[in-house]
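What follows is calculated from the coordinates using simple rules that are stated; it is not laboratory data. Bear in mind the structure is a predicted one, so any value in this text is a computation, not a measurement. Note that we place each Cβ from the backbone using ideal geometry, even for glycine, and neighbour counts take in every protein chain shown.
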Amino acid sequence: MWGFIEQHLRDGIEILVLAVFIYQLYRAFRATRGAQILVGLGLVLVVLALVTEVFDFEVIGWIITRSAAVLAFALLVIFQPELRNGLARLGSSRFFSFSSKRRLAFVERLADAVVLLSKKRIGALFAIQRGISLKEQLETGVVLDAHFTSELSMSVFYPKSPLHDGGIIIADDRVAGAACVFPVTEKEMKDRSTGLRHRAAIGLTERTDAVAVVVSEETGSISISENGSLQRNLTEKQFREKLSEIFFSGPPSNETETVEKLDRETSVSSSGDRDLVSD
């Protein structure tokens, strides 16, 4: 038995490495336009290889063999956006750069602001920067450097505000910019009611490791997008729990009071209950 293990250990490790690599490719390319191209190209190559093997087509076999280098270069060009995104995720840190205490205070303010916007049915789009810089998106809007508050969010997203179109970028718990344009996802959406804000949130989180929060203008529903996936129609409690999961990887065990605050179902703090914008 030990001799068998020694003889095939290298083969097993090689199979494991290939399996992990293929799975990571699947995760990176699934639900993208590049995935459709990759599947189509793979089917063409498989069919050509089978036909060549069955009928012993020497010319087609020679072409497939000699075109391998050209094909590899073509794949780099075709899948350049996906490769860039994957490498950026690999080289970035998934942790937020500011301290735990500041993060807690920011989560409180963000949750209160989003809930207030939801109750007022004011459409909003927030992008919270993590490891990958959002400088490219920031340059499309108005650069700010402001303390994040519910009042500021209401002022920015109020329908008659000059900055209400686009999204807010938050970096290190401060508002870095407003009226920023985010890339819209290219994948097909099963739900045709998915609006432009939601598609922009998905598109941004597909290309970066940012977290996007959306408030629907029509229904006031709250959604969170992370890693290209969207969770819609969250209740206030679900939204606060999701924020806690993202920012703290679950509720902090040594801060019972923090958990109670994050899970509370009251609308907002007393300072946020004021009618900042008329109905």
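Here are the numbers for this structure:
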| item | result |
| --- | --- |
| In the range 156-229, trypsin sites (Lys or Arg not before Pro) in a DSSP loop with at most 11 other beta-carbon atoms within 10 Å | LYS160, LYS190, ARG192 |
| Distance in nm between pseudo-label sites at TYR23 and ALA72 (7 Å out along the Cβ direction from Cα) | 2.6 |
| Relative frequency of Cα-Cα separations exceeding 18 Å in the range 130-200, percent | 44 |
| Long pairs among LYS120/LYS160; LYS119/LYS190; LYS120/LYS237; LYS101/LYS242, criterion Cα-Cα beyond 23 Å | LYS119/LYS190 |
| Cα convex hull of the range 100-267 - mean projected area over all directions, nm² | 9.1 |
